[in-house]
Amino acid sequence: MARSLGYSDAVRLLGGQDSKVVAAIEKITGGVLLAATPAVPALLGLFDAKAELVRLGHDLVRGFAERRSGLSRFSRTQRLQAAHTVIVVTAFFEAMADAGLPFRFDELEMTGQEQESLAGRAELLTFPGRLDAAALLDRSPVRAPEAVAADLRNYYQGLAQVFLAFCTGLHVWDRLSAGERDRVAGATAAVPDRAVARYEETLRRLIVDFPEVACWANQREHRATRAALAGLEETLLAISTGRAPDQRRAGLARAYRAELGKRIVESGDVPDGIRVPELGEGYVPPRFRAGDVHAAARVSEESWWAGSPVRDDLQEFLIGHLTSPRAVRAPLLVLGQPGSGKSVLTRILAARLPAADFLPIRVILRDTPVLDEVQDQIEYAIRQATGERVEWPALARSAGDAMPVVLLDGFDELLQAVGVSQTDYLMKVARFQRREIDQGRPVAVIVTSRTAVADRARAPEETVALRLEPFDDERVTAWLDIWNRTNAANFAAAGLQPLRPETVLQHRGLTGQPLLLLMLALYDADRNALQRAGADLRAHELYEQLLRSFALREIGKHREGLPDRELRAAVENELRRLSVVAFAMFNRSVQWVTEADLDRDLAALQICGPVSTATAAGLRAPLPEAELTLGRFFFIHRARALPDETAFQTYEFLHATFGEYLVARLTWQVLNDLGARDAASSMSFGAGPAEDDLLRALLSFQPLSARGPILDFLGQMADAADPDRRRSLRDLLVRLYRAVNHTPPGLRYTDYRPQAPSEPARYAVYAANLLLLALCCDHVLSGSELYPQPPDPVDAWHGQTLLWRALLSSDGWTGLVDRIRLSRVLVDGHRDLRLALHGHTDPTFEPEWTFNLFPDARPDTFRLDDLNFDQIRRKAYFQCSILEDMVHHAVAPLDEVPVPLINSFVRGGDGTISAARVLVDLWANPSAETCRRTADLLAAGLPWSEEACRYLLSTLLTGLRAIPPEAAGEIVRQLAESEPLTGDDRAQQMIAEWAGRGVKGIHRRLQ
């Protein structure tokens, strides 16, 4: 099938193959191709055939409506596309009929010379091609009606302009009066708006007969979304044209329909007596954004979606897409975060699409071998769902009137679990769709993926992306209504209160995704824990209690009756294992970890006890430790693929904040344990340095500032600690920081290598993390505490920052600078630093502090001869630093400034300032204030050379253009009396010249 139907094709498809209009269009097109004049009279006839063309359009659309029964799903879609094309063209000629031209084309007698002249104007004979272009105005549920109306108007305006140009090329135009010409031009100009109005009116009549048109034209009145997209099924059943499915299709339909009766999540993490809603009653359709994906589109970036409005008509959008021609030409890409409901949506669609009109096939990619062809994946999924081996062509042919819809769920899992490039996967899908169209088996395809990895696959032309948005307050409330209604009897029996929206919405970070919302609900189902905690529950306390409650339930299933002490130890062991998982991701700078990497980390660290689970008898081999650790928690997302029938798995947290909390948790525990051992050793004689092997192993690969929430959690944990304990940890961390570059790492944990950085880089990262931890314990630290050795802590700090800049990653260095607020201070007449966590660094550069001009022993004016601007530039050039290159590029004009202006300074009421700074200020803001400041500095006696004085004076006087005459006169008099300039003959000559002519005259000259 062609990408779109031209107008002539559309007329034929709707039964108008004998139309004179079609014959006229073909005759004109042939005339254009042959460059022959017979096309011109045919074109005139087409213009005169407005009434015939309008009648034909209405008859074709009405006839299609009367014969719509008995069509297959795709044939109905094709004819709707054709009807839409006909409506677009018909609306133009209806509007043209109202134009009231003062002549008829069939009454014109054209000479051969006139016909040749018109035939030579090729742009006029493109009119039939422009009619065919109406097919390019397909309506799409992605586009807003206003945008489509604008495209229509532009289309009609182009047709009208060609028509008017044709009229003006006729001899009859010369015989019209000026008034008649104006009337023709005015009527033609009004055609586009009239045509849009006629189009909308006819489209509304088509929608009455074909409700799906309202969806793919994005004109359906939005109704409250029924639970689990039940309204989608009702609407599609109402427009069903197909026959009952055969046995194989019915088997697939039964398998998918059964999903509606299953729980939303199949997990053991549910308290006794609590019921998780079934899929058919508990799915709340999310809000979404949608957009056309063009070449090089970065759909994983938030900025790409900024222009797409948030919508809440998911079922209408899906109906519109699946019943539009575009669905069979390219895939629909459904994106979202882990836990946002992508897989659940495919389960709903597979269950809700009516079997008479659709053949849904859900392919769970994580359970499917990584096969080369999409067809092989489909056949594998059919066998898994029904137990039968079925070849795709045979199944597609047996679908009859129904259109296949393939749901490829979990493209991101295929990417991250297999670990190989799949950049052409979506292109393979599109090629599969094109092949199926050519074979007469059109198929729609929907692909789901996590948003963050969507850019790893190149999107084919006409791909539509749909991104699921976080739950808003309305959807949180709707979900809780279902939860409370499902468990009303259970709550009453257990004496529990329903979970109210106002309680849940206090923890907004955990309400945006359905699975996280379920996690909060399950936590509250344990004696109303969430409600009892109240609004004062801090974030780290909530995460601790959430994770602890799930660990308790999991241990209780496998090891019932444990004494309290052993139970607490078992829970702690579970959480420590999860913390190792979190560090495995954090230290690799990724959001997921492979099973093999996690097993290596657990073995290298050896800080966890055995997994709390019973081992079933008869197993051929024990399960991997990673799978035992993570396979039981539904807030751990397991991505699985089968490269060769063997599972290859990765793990990630449903919400990144779980991992960030667990990193902070283990860090705080290790630090406290180290502090306790250090305190004990300090009470004995000959105590050695603290043994920080484990802390160094964990914190020498990635700065904690790389993930902001980690430091937030650590700050909360420190604030909740005893002040004495916090102070002792702070002192310990400062000691470790001072010694970090001089103390070799211990021999333990050497096998823990999540990355392979150089040893200096690990030193740099560890030093940064020690500083961040110390700031968490004590919100302010001074440079002299970190570097107590004389003479100056600033030089030592400068050296450390150069090390960080050189050895940290770009993101790590930027994160460190952003998280630490640095203030340059003066303490007891000496410069120092004050460091704090969070807050904003105000970069105010003061030469007194920079050049250490304390105590105040220098004169009011001075020159720093060792300040070599050219050397500064050469050092920057040598280092190849992007940021420094940018700065030096911006200040390149200063290269022409005499050196004395760079390294000469003067003290004033506004602090110490250089002459170069004055010049830049004067150039950027030539105001009376900056000119006065310049005159003040000259009067203060800067030791400049005569050349420098003349340069500055010339710059100053040029700046007087923007200064009132009175202010200019005052500045000139001040300069004339300035002692440094009295000995400069040239300066005095310039001043005298200005003063002699009069300031007002000079000012007028400058203006």
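Of all residues in the range 267-300, which are modelled with pLDDT under 85, out of contact with any helix residue (DSSP H, G or I) (no Cβ under 8 Å at 6 or more places or on another chain), over 22 Å from GLY512 (Cβ atoms) and of a type outside the set (Asp, Glu)?
Residues satisfying the conditions are HIS294, ALA295, ALA296.
Can VAL580 be described as farther than 25 Å from ALA529 by Cα, outside the structural domain of ALA529 (by TED's automatic domain parsing) and either surrounded by fewer than 17 Cβ atoms within 10 Å (Cβ to Cβ) or modelled with pLDDT under 85 (or both)?
The answer is no for VAL580.
Output the residues belonging to the range 343-389 that are more than 19 Å from GLU436 (Cα to Cα), crowded, with 20+ Cβ neighbours inside 10 Å and free of Cβ contacts under 8 Å to residues at least 60 places away in the same chain.
Hit for the range 343-389 is ILE364, nothing else.
Check ALA296 against each of (1) in a loop (DSSP other than H, G, I, E, B); (2) in contact (Cβ under 8 Å) with a residue 60 or more places away in the chain and name the one condition it does not meet.
(2)
Here are the criteria: (1) surrounded by 22 or more Cβ atoms within 10 Å (Cβ to Cβ); (2) in contact with a helix residue (DSSP H, G or I) (Cβ under 7 Å, 6 or more places away or on another chain). Tell me which single one PRO338 does not satisfy.
(2)
Given THR368, THR346, THR323, which one is hydroxyl-bearing (Ser, Thr, Tyr), within 29 Å of PRO514 (Cα to Cα) and touching a Cys at 6+ places or on another chain (Cβ under 9 Å)? Let's see the steps before the verdict.
Working: THR368 fails: touching a Cys at 6+ places or on another chain (Cβ under 9 Å); THR346 fails: touching a Cys at 6+ places or on another chain (Cβ under 9 Å).
Unique residue meeting the criteria: THR323.
Quick test of your reading of the structure: ASP401 fulfils all but one of (1) at pLDDT 90 or above; (2) crowded, with 17+ Cβ neighbours inside 10 Å. Name the failing condition by number.
(1)
Let's see how each residue does on (1) buried (at least 19 other Cβ atoms within 10 Å of the Cβ); (2) of a type in the set (D, E, K, R); (3) in a helix (DSSP H, G or I):
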| site | (1), (2), (3) |
| --- | --- |
| LEU747 | no, no, no |
| PRO760 | no, no, yes |
| TYR766 | yes, no, yes |
| ASP795 | no, yes, yes |
| TRP813 | yes, no, yes |
| ARG821 | no, yes, no |
| LEU826 | no, no, no |
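Quick check: is even one residue across the range 87-100 in contact with a helix residue (DSSP H, G or I) (Cβ under 8 Å, 6 or more places away or on another chain), β-branched (Val, Ile, Thr), assigned by TED's automatic domain parsing to the domain that holds THR188 and at pLDDT below 75?
no
Between a first residue in the range 773-794 that is acidic (Asp, Glu) and a second residue that is in a helix (DSSP H, G or I), which pairs have beta carbons less than 8 Å apart while being 6 or more apart in sequence or on different chains?
Correct list of pairs: ASP778/ARG726; ASP778/ARG727; ASP778/ARG730; GLU785/VAL734.
If ALA454 meets every condition in (1) surrounded by fewer than 23 Cβ atoms within 10 Å (Cβ to Cβ); (2) part of a helix (DSSP H, G or I); (3) touching a residue at least 60 places away in the same chain (Cβ under 8 Å) apart from one, which number is that one?
Here ALA454 meets the rest and fails (1).
Does ARG805 fit the bill of being surrounded by fewer than 19 Cβ atoms within 10 Å (Cβ to Cβ) and in a helix (DSSP H, G or I)? Give the derivation first.
Numbers: surrounded by fewer than 19 Cβ atoms within 10 Å (Cβ to Cβ): yes; in a helix (DSSP H, G or I): yes.
Yes; evaluated as a whole, the condition is true for this residue.
Considering ILE348, ILE239, ILE319, which residue is more than 19 Å from the chain's Cα centre (by Cα) and within 30 Å of ASN490 (Cα to Cα)? Working first, answer last.
Values: ILE239 fails: within 30 Å of ASN490 (Cα to Cα); ILE319 fails: within 30 Å of ASN490 (Cα to Cα).
Only one candidate qualifies: ILE348.
Scan the range 301-311 and give yes if some residue there is under 17 Å from LEU515 (Cα atoms) and touching a helix residue (DSSP H, G or I) at 6+ places or on another chain (Cβ under 9 Å), otherwise no.
No, because not a single residue in the range 301-311 is under 17 Å from LEU515 (Cα atoms) and touching a helix residue (DSSP H, G or I) at 6+ places or on another chain (Cβ under 9 Å).
Could you check how many residues of the range 191-214 are of a type in the set (A, V, I, L, M, F, W, C), at pLDDT below 85 and surrounded by 14 or more Cβ atoms within 10 Å (Cβ to Cβ)?
Initially, the range 191-214 is screened for residues of a type in the set (A, V, I, L, M, F, W, C), giving 191, 195-197, 203, 206-208, 210, 213-214.
Adding the requirement that they be at pLDDT below 85 leaves 191, 203, 206-208, 210, 213-214.
Still in the running and surrounded by 14 or more Cβ atoms within 10 Å (Cβ to Cβ): 191, 203, 206-207, 210, 213-214.
Total meeting the criteria: 7.
Out of ARG532, ARG527, ARG485, ARG475, which single residue is in a helix (DSSP H, G or I) and under 24 Å from ALA720 (Cβ atoms)?
ARG532
Going by the conditions given, is ASP151 at pLDDT 80 or above and either under 26 Å from LEU322 (Cα atoms) or in contact with a Ser or Thr (Cβ under 9 Å, 6 or more places away or on another chain) (or both)?
In short, yes.
Looking at this structure, is LEU775 touching a helix residue (DSSP H, G or I) at 6+ places or on another chain (Cβ under 9 Å), in a helix (DSSP H, G or I) and not aromatic (Phe, Trp, Tyr)? First the steps, then the outcome.
Numbers: touching a helix residue (DSSP H, G or I) at 6+ places or on another chain (Cβ under 9 Å): yes; in a helix (DSSP H, G or I): yes; not aromatic (Phe, Trp, Tyr): yes.
Yes; evaluated as a whole, the condition is true for this residue.
Based on what the data block shows, is LEU353 closer than 27 Å to ALA295 by Cα and not charged (D, E, K, R)?
Answer is no for this residue.
Six or more apart or on different chains, Cβ under 8 Å: which pairs go from a residue in the range 399-412 that's assigned by TED's automatic domain parsing to the domain that holds ARG347 and aromatic (Phe, Trp, Tyr) to one that's surrounded by 24 or more Cβ atoms within 10 Å (Cβ to Cβ) and assigned to a loop (DSSP other than H, G, I, E, B)? Could you list them?
PHE411/ALA457
The values are calculated or read from the model by the stated rules, or taken from the named source; none is laboratory data. Small disclaimer: the values here were computed from a predicted structure and weren't measured. Don't worry about glycine lacking a Cβ; one is built from the backbone with ideal geometry, like all the others, and counts go over all protein chains shown.
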